[in-house]
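Novice: What follows is a structure written as structure tokens; I'll ask about it next.
Only the coordinates and a few stated rules stand behind these numbers; no lab work does. Source: prediction; values computed, not measured. A quick note on method: Cβ atoms are made from the backbone with ideal geometry, for glycine too, and the neighbour counts reach across all protein chains shown.
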Amino acid sequence: MLRLTKLTDYAIVVMTHLATDPERARSNAKDLAVEAHLPAPMVSKVLKTLTRRGLLVSQRGAAGGYLLARPPAEISVADIIEALDGPLALAQCCEVEPESCDHRPVCPVTGHWHRINTAIHEALSGIKLADMARPLPQERLPVLRFHTGRSLHIVGKN
């Protein structure tokens, strides 16, 4: 299963909160944690990482806090994911050093993994923080049907 780490998930949530009102005063870790309903220690860790990676700017002091380093329309979901988890790589052959895969010379899907990886990266790069800060209209939410054990769960609207 392809899944984001909890830290990356929290980073996207926190960055989205900051993007909802980029003109507001700086936000501190404690306030962001309360606003996002996330654990304060995790939010602090995320904020420090995002600052080191250049997606946030921090200011110390009584009026200090965190601000987006760039406008929300210039920060993509891919930027946030890569700041926390490094470059997107669905398979070993898609990593920065693809030669490290022992099966590369005989693997029939190596080129296809690159195509898939590129498509996902382009999709995530096309979703900007400004998009994430705008609520989705209810009619655009997908209907998801899945089985868990003996019951059928339906999420969303038709």
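Novice: Taking a quarter of the surface of the Cα convex hull of the stretch 1-79, what do you get in nm²?
Specialist: Its Cα hull, projected and averaged over all orientations, spans 5.3 nm².
Novice: What does the charge count near L38 come to, summing +1 for each Lys or Arg and -1 for each Asp or Glu among other residues with Cβ under 10 Å from its Cβ?
Specialist: Neighbourhood net charge equals -1.
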